[in-house]
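The values are calculated or read from the model by the stated rules, or taken from the named source; none is laboratory data. Note that the coordinates shown come from a computational prediction; the quantities given were computed from them, not determined experimentally. Note: ideal-geometry Cβ built from the backbone for every residue, glycine included; neighbour counts use all protein chains shown.
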Amino acid sequence: MKKQVAFTEGAIFSPLIRFAIPVLLALLLQTMYGAVDLMVVGQFASPADVSAVSTGSMVMHTVTVVITSLSMGLTVLVGRRIGEGKPKEAGKVIGSGISLFGILAVLLSVLMVIFSPGAARLMHAPAEAFDQTVSYIRICSMGALFIVAYNLLGSIFRGLGDSVIPLITVAIACVLNIAGDLLLVAVIPMGAAGAAIATVFAQASSVLLSFLFIRKRVLPFSFGWRDIRPDAGRIGGILKLGVPIALQEFLVSLSFLAITAIVNGMGVIVSAGVGVAEKLCGFVMLVPSAFSQAMSAFVAQNMGAGKPDRARKALYYGIASSLAVGILMAWLNFFHGDLLAGLFARDSAVVAAGWEYLKAYAIDCLLTAFLFCFIGFFNGTGSTMFVMLQGIVGAFCVRLPLSFWISRQDWAGIFHIGLATPSSSLIQIILCFLYFGLFFSRRRKDSSLL
C-alpha cells in the first residue's frame, strides 16, 4: 500500500498539488469537528450553548495547534532523513517521537481537566454560558490523548510523503462525529456537553484507524515496538525544530483568545456572532494551511537532498495556487458573509454580527496566501526560530495591541476589531520577504566559498 509522492525528482507543481489536496481535505474534515458541533448546537440548543461551544472550541483549538506545530518538528526531521537517503534513521526518529508525545499526552490531559474552569474565566465566558463552557473544555480535555496521537501519526505519514491515509482516517471519524452530534444534541438534548462527547469519540476512532493502517503499510524501513524508545539526541532534534513553531503558534493563538475575551465582554450576541465567524474563518484558511503543511514536507525532503532551487519553486507555486482561491474566498466573505453565517446560526442578530467580522477577514484571505506558504517554506528549511519571531511580532506588536486599542474607541465595531488580523499579516509578510532574500543570499555566498 504505497502512497508516497516523489518530491525530490521530476516535476514540482504536480507532486505538490497531489500531496496538498489530501492534506486540504483532511484539514477540511478536521475543521468539521468543531464546525459541526457549532452548527448542530446553533440549530438545536440555546445561544448560551452556542457561546460555550465557540469559546470552548477556541481553547481546544489552541491546544490542538500547539500539538500540531510541535509534531511539525517530527515531520521535518523525518522528511529530511528521507531526502538524505537515510530511511533507517527516519525510523529511529519516529520511535523517539512516539515516546516524547506519549508522555506529553498524559500531562496535557491531566492539566487541562484540572484547569478547565480557569480557562473559561480567562476567556471571560459570559455568565449564562460559563458552566457549559467548563463542561465542553473538560470533556474535550479528557480526550487529549487522542488529539496528540492523531497529530503524531499524521506527522509521520506526511514526513514519509503520504497524505492519503490521514485523509481516510479523518473522513471516517468526521462521519462518526456528525452522527454523534445529531444523537447527543438534536435527539438527546445534552447541548454543549453532548457535542464535546461526540468530538472525543470521533477523535478516538481516528487514532484507532490510523494504527490499523500503519500496521498494514509498506514502510521504507523496518519498524516495531522495540523501536519505540527515547533517544536524547533525536528527541532534541525534534524539539529544536518543533518547539519554536509550537511556541509561535501558542502565542499567536493566545492573542486570538485575548481578542475573543475582548469580544466576549461585549455581550453574548456579539460573542456568538464572532464565534460563528471564527468557525467560518477556519474553513476560509484551509487552502493556505494545506499548502503550508505540504510545503514543509516538500521543502524538508528537497533541502535534505541538497536541492534548494526545487524548494524555492515550490514556494512560488504554492503562493500562486493559494492566492487564486483566496480571491474567491475574499469575495464570498465580504459580499455574502450573511449567507455563510446563517449556516451556523438562526438568530438574525448573531448572523449580522458574524458578517461584520467576516468582512474584515476577507482582506486576510488574500494575505494568508503569501504568509502561510512562507511559514511552511521556512519550517521545511529548519528556520523555525525565525518563524517563531515573526509570529510573535505579528501577534503581540500588532494584532493584540491594535485590537485592544480599537475596542476602546467609541466609533469602533466588530468590523474594526477584525481589521487587526490582516494588519498583523501584512507586517509578517514584509518580514518574510526580507528573510527570504537573506536566506538565499547566504546560501549563494556559502556556495561561492566551496
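Take the conditions (1) surrounded by fewer than 20 Cβ atoms within 10 Å (Cβ to Cβ); (2) under 30 Å from Glu9 (Cα atoms); Leu343 misses just one of them, which is (2). Note on region 235-257: residues that are small (Gly, Ala, Ser), touching a residue at least 12 places away in the same chain (Cβ under 8 Å) and surrounded by fewer than 19 Cβ atoms within 10 Å (Cβ to Cβ) amount to 0. For the criterion of being over 17 Å from Ile429 (Cβ atoms), touching a residue at least 60 places away in the same chain (Cβ under 8 Å), surrounded by fewer than 20 Cβ atoms within 10 Å (Cβ to Cβ) and basic (Lys, Arg), Lys359 fails. Whether a residue is under 24 Å from Gly161 (Cα atoms) and basic (Lys, Arg) was assessed, and Arg312 passes this test. Screening region 252-270 for residues that are in contact with a helix residue (DSSP H, G or I) (Cβ under 9 Å, 6 or more places away or on another chain) and among the small types (Gly, Ala, Ser) and picking the one that is farthest from Phe404 (Cα to Cα) gives Ser253. Only one entry of Ser96, Ser69, Ser116, Ser54 meets the criterion of being touching a residue at least 60 places away in the same chain (Cβ under 8 Å) and over 30 Å from Thr381 (Cβ atoms), and that entry is Ser54. Which of the residues that make up region 325-356 are in a helix (DSSP H, G or I) and of a type in the set (D, E, K, R)? Within region 325-356, Asp338, Glu356 meet the criteria.
From Leu77, Leu107, grab the single residue that is at pLDDT 85 or above and farther than 30 Å from Ala353 by Cβ.
Answer to the check: Leu107.
Restricting attention to region 52-83 and to residues that are among the aliphatic types (A, V, I, L, M) and closer than 19 Å to Ala35 by Cα, the residue that is surrounded by the most Cβ atoms within 10 Å (Cβ to Cβ) turns out to be Ala52. If the condition is being over 17 Å from Val268 (Cα atoms), touching a Gly at 6+ places or on another chain (Cβ under 7 Å) and among the β-branched types (Val, Ile, Thr), then region 41-81 contributes Thr75, Val76, Val78.
You will find that of Ser321, Ser289, Ser255, the residue that is at pLDDT below 80 and out of contact with any Asp or Glu (no Cβ under 7 Å at 6 or more places or on another chain) is Ser255 and no other. Surrounded by fewer than 18 Cβ atoms within 10 Å (Cβ to Cβ) and modelled with pLDDT under 75, is that true of Lys86? Criteria not met by Lys86. Screening Met60 on (1) more than 20 Å from Thr31 (Cβ to Cβ); (2) assigned to a helix (DSSP H, G or I); (3) not small (Gly, Ala, Ser) shows it passes everything except condition (1). I'd like the residue in region 1-25 that is over 19 Å from Tyr316 (Cα atoms) and at pLDDT 80 or above and, out of all such residues, is surrounded by the most Cβ atoms within 10 Å (Cβ to Cβ). Filtering first and then ranking leaves Pro22.
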